[in-house]
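Below: one structure, written as structure tokens.
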Amino acid sequence: MIAALICVISIATFLQFFVSYSRSILASTRKVQLSDRVREVTGIAAHEIAADDFARLLQLLRLCPERGDDQTEIRAVGTYYGLLHILGDVSRSIVPSVAAWTEQERQSCSYFAAVALDRRISYSRDLLTQQGGDRS
Amino acid sequence: MQLGPIDYGLWLTGFLLEAFVVVSAFLRRDFLRYFSLNLYMLGVAVVTWGQYHYIHAYGFNSRTYFYYFYYSDGLLYILMYFVVIHFYTQLFVEMNVSRYIRGAAVILLAATAFFSYIVVHQSKDHLTTRFVVELEQNLNFVGVVLIYLLWGAILKLRETRTRLIQLVLALGICYSATAGAYALRNLFPDAYILRWIPPVMGVWLPLAWAYTFTKVPEDARLATARLLARAR
């Protein structure tokens, strides 16, 4: 009985801590403006970033050279996105308000991925410029 | 039961990350500023190394390893309490109540130690794996409650220091997942997959702390209202 109670409370607190932690990572990119370059590359120049853009943005991210310092946050946000996806699917017909919230959160995850992509593109350009400078 | 490459991989990764947190704190000259946290990481690193040594010397199923695991984990809980107390004093730094926090912490620690002593004393003739799992579950749960109260205070006081917020949340994730895993193991002793959660969390905590210390500047600020998940 006590083990069951501890189990339920622990899972509930774990979810709360995990959601808050993921949101603290997402919050760091919320105010960052996307460059025209990344909007052009991703094809999101005309419309807002959609929740479902995350997977596509992640694929583009993998094509760019790694900066080496953003892997942890990308993995954490990727896990958060996956959990939101499951929660959204489960709650769509039962609790629409939760489904709407997960959609909004997934959109934030996609925006985060777009910012990460923007940073990697800038990093790649800097690398190319540096290499060009070294050759000349 | 034999340990596989994944067990050793998790061990090594955890150990390296723990060492990284401590060494990078030295290099940043932050060791004393986060003394209890670094002491905890150092303690976990030493215990991890010791576990490896004891398994190699005596075997995973030996009594020696069993008692080493049991006692070292108890010591780590004491260090973890100091980390939580450090976070409380950081949170209430402007209220000048650190004296009371330390007093309350000493009482709590003494009470937990006394309670554990009574439980262990009564069960000293049958210190089984199941008993240890139950004790671990309870100690972890005390940690979860302490961290949850701390998180509640952070929200209530509208704390904005991103570093403090992320350090506390990472610790909360670690302890709630571990307490949940031990509770589930108590309920379903044969569920093999649950065995993986504590080692994975052993990697998660130093990884998350290393990330926070290297990526989040000391003066970074964050509105806590943004962290509250609300379905409209």
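The values are calculated or read from the model by the stated rules, or taken from the named source; none is laboratory data. These numbers were taken from a predicted model, which means no experiment stands behind them. A quick note on method: Cβ atoms are made from the backbone with ideal geometry, for glycine too, and the neighbour counts reach across all protein chains shown.
Could you grab me the full set of residues in the range A:24-35 that are free of Cβ contacts under 8 Å to residues at least 40 places away in the same chain and in a loop (DSSP other than H, G, I, E, B)?
Within the range A:24-35, the first condition is being free of Cβ contacts under 8 Å to residues at least 40 places away in the same chain, and the residues that meet it are A:24, A:27-28, A:31, A:33.
A:LYS31, A:GLN33 - these are the residues of the range A:24-35 that are free of Cβ contacts under 8 Å to residues at least 40 places away in the same chain and in a loop (DSSP other than H, G, I, E, B).
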Check on A:GLN131, modelled with pLDDT of 85 or more and either of a type in the set (S, T, N, Q) or not in a helix (DSSP H, G or I) (or both): no
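Select from the range B:195-221 the residues that are among the β-branched types (Val, Ile, Thr) and in contact (Cβ under 8 Å) with a residue 60 or more places away in the chain and list them in ascending order. It would help to see each step written out before you state the result.
Initially, the range B:195-221 is screened for residues among the β-branched types (Val, Ile, Thr), giving B:197, B:200, B:203, B:212, B:214, B:216.
Those that are among the β-branched types (Val, Ile, Thr) and in contact (Cβ under 8 Å) with a residue 60 or more places away in the chain: B:VAL200, B:VAL203, B:THR214.
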Between a residue in the range B:11-36 that is more than 22 Å from B:PRO198 (Cα to Cα) and any residue that is among the aromatic types (Phe, Trp, Tyr), which pairs come within a Cβ distance under 8 Å, given they are 6 or more apart or on different chains? B:SER24/B:PHE213; B:ALA25/B:PHE31; B:ALA25/B:TYR34; B:ALA25/B:PHE213; B:ARG28/B:PHE213; B:ASP30/B:PHE213
Among the residues of the range A:43-62, are any modelled with pLDDT under 85 and within 14 Å of another protein chain (Cβ to nearest Cβ)? no
Number of the condition not met by A:ALA76 [criteria: (1) under 16 Å from the mean Cα position of the chain (by Cα); (2) touching a residue at least 40 places away in the same chain (Cβ under 8 Å); (3) not in a helix (DSSP H, G or I)]: (3)
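Find the residue count for the range A:36-67, including only residues that are aliphatic (A, V, I, L, M), in a loop (DSSP other than H, G, I, E, B) and without any contact (Cβ under 8 Å) to a residue 24 or more places away in the chain.
If we filter the range A:36-67 for residues that are aliphatic (A, V, I, L, M), which is where we start, we get A:38, A:41, A:44-46, A:49-51, A:55, A:57-58, A:60-61, A:63.
Still in the running and in a loop (DSSP other than H, G, I, E, B): A:44-46, A:49-50.
Narrowing the set further to residues that are without any contact (Cβ under 8 Å) to a residue 24 or more places away in the chain leaves A:45-46.
Residues flagged as aliphatic (A, V, I, L, M), in a loop (DSSP other than H, G, I, E, B) and without any contact (Cβ under 8 Å) to a residue 24 or more places away in the chain within the range A:36-67 amount to 2.
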Looking at A:GLU105, A:GLU66, can you tell me which residue is within 14 Å of chain B (Cβ to nearest Cβ) and within 28 Å of B:GLN166 (Cα to Cα)? A:GLU105
Note on the range A:7-34: residues surrounded by 16 or more Cβ atoms within 10 Å (Cβ to Cβ), over 30 Å from B:ASN140 (Cβ atoms) and either aliphatic (A, V, I, L, M) or away from chain B (no Cβ under 14 Å) (or both) are A:LEU34
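Taking the residues in the range A:62-91 that are of a type in the set (Ser, Thr, Tyr) and surrounded by 17 or more Cβ atoms within 10 Å (Cβ to Cβ) as candidates, determine which candidate is nearest to A:GLN104 (Cα to Cα). Break it down into steps so the answer makes sense when it comes.
Of the range A:62-91, the ones of a type in the set (Ser, Thr, Tyr) are A:72, A:79-81, A:91.
From the residues that got through so far, the ones that are surrounded by 17 or more Cβ atoms within 10 Å (Cβ to Cβ) too are A:80-81, A:91.
Values: A:TYR80: 13, A:TYR81: 11, A:SER91: 14 Å.
It comes out as A:TYR81.
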Report yes if B:LEU32 is modelled with pLDDT under 85, exposed (fewer than 15 other Cβ atoms within 10 Å of the Cβ) and not in a helix (DSSP H, G or I), otherwise no. no
Which pairs do you get when a residue that is at the interface with chain A (Cβ under 9 Å from one of its Cβ atoms), found in the range B:156-174, comes within reach of a residue that is assigned to a loop (DSSP other than H, G, I, E, B), reach meaning Cβ atoms under 8 angstrom, with the pair 6+ apart or on two chains? B:THR162/B:VAL216; B:THR162/B:ALA220; B:THR162/B:LEU222; B:ILE165/B:GLU159; B:ILE165/B:LEU222; B:GLN166/B:VAL216
Can you name the number of the only condition in (1) surrounded by 14 or more Cβ atoms within 10 Å (Cβ to Cβ); (2) among the acidic types (Asp, Glu); (3) farther than 24 Å from B:PRO217 by Cβ; (4) away from chain B (no Cβ under 14 Å) that A:ASP118 fails? (3)
Would a scan of the range A:92-102 turn up a residue that is surrounded by fewer than 17 Cβ atoms within 10 Å (Cβ to Cβ) and more than 14 Å from chain B (Cβ to nearest Cβ)? yes
